[in-house]
Amino acid sequence: MSSPTPHRPLRILLVDDDPVFRELIAFVLRADVGAEIVGQAFDGAEGVEIAQELNPDIVIMDLRMPGVDGFEATRQIAATVPDARVIVVSSSKEREDIERAGRAGAAAYVPKDRAVAELSDAVGQLRPAKAEAKRRSLSLFFVRRLVLS
């Protein structure tokens, strides 16, 4: 995968069963970080299939979806599309869900009620050129903020 350049925007796949939420996030990411939304999926199985086909830079993943949930989809994407970074955006603030998402391979976890305000920052920190250096510290950053708030 080639890194985004001024000529190639960050490529993002959105996986969430709520089409209104997907469109809101697509709008925010296009406006804030100039992202290209390369695909949208209704559930985890479709998200994995699209990720394997399109090899996005970032996957925005919900946890609770029909069929294949976000935990399993994240695990499969991490195993088969290693250059893609998964950001979990979920309404759950349970520590167990945050830790489980991390074990599945998520690089960051953003609560849905803060997604509009914080997702662009998370995406910016996970640009492919910065991803390896920031991956673990970013995940812990979001966990600390979530637990302390």
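The values are calculated or read from the model by the stated rules, or taken from the named source; none is laboratory data. It should be emphasised that the depicted structure is a prediction, and the values quoted were computed from it without experimental measurement. Note that each Cβ is placed from the backbone with ideal geometry, even for glycine, and that neighbours are counted across all protein chains shown. Keep in mind that these areas ignore ligands, DNA and RNA; they rest on the heavy atoms of the full protein, side chains included. Shrake-Rupley method; radii C 1.70, N 1.55, O 1.52, S 1.80 Å.
Looking only at region 103-125, how many residues end up being in a helix (DSSP H, G or I) and in contact with a strand residue (DSSP E or B) (Cβ under 7 Å, 6 or more places away or on another chain)?
So in region 103-125, the residues in a helix (DSSP H, G or I) come out as 103-104, 112-125.
Filter again for in contact with a strand residue (DSSP E or B) (Cβ under 7 Å, 6 or more places away or on another chain), leaving 112, 115, 118-119, 122-123.
Count: 6.
Exactly one residue out of ALA107, ALA79 is in contact (Cβ under 8 Å) with a residue 12 or more places away in the chain, of a type outside the set (Ser, Thr, Tyr) and open to solvent by less than 40 Å² (accessible area, probe 1.4 Å), and it is ALA107.
A count restricted to region 30-41 and to residues that are out of contact with any strand residue (DSSP E or B) (no Cβ under 6 Å at 6 or more places or on another chain) and surrounded by 18 or more Cβ atoms within 10 Å (Cβ to Cβ) stands at 1.
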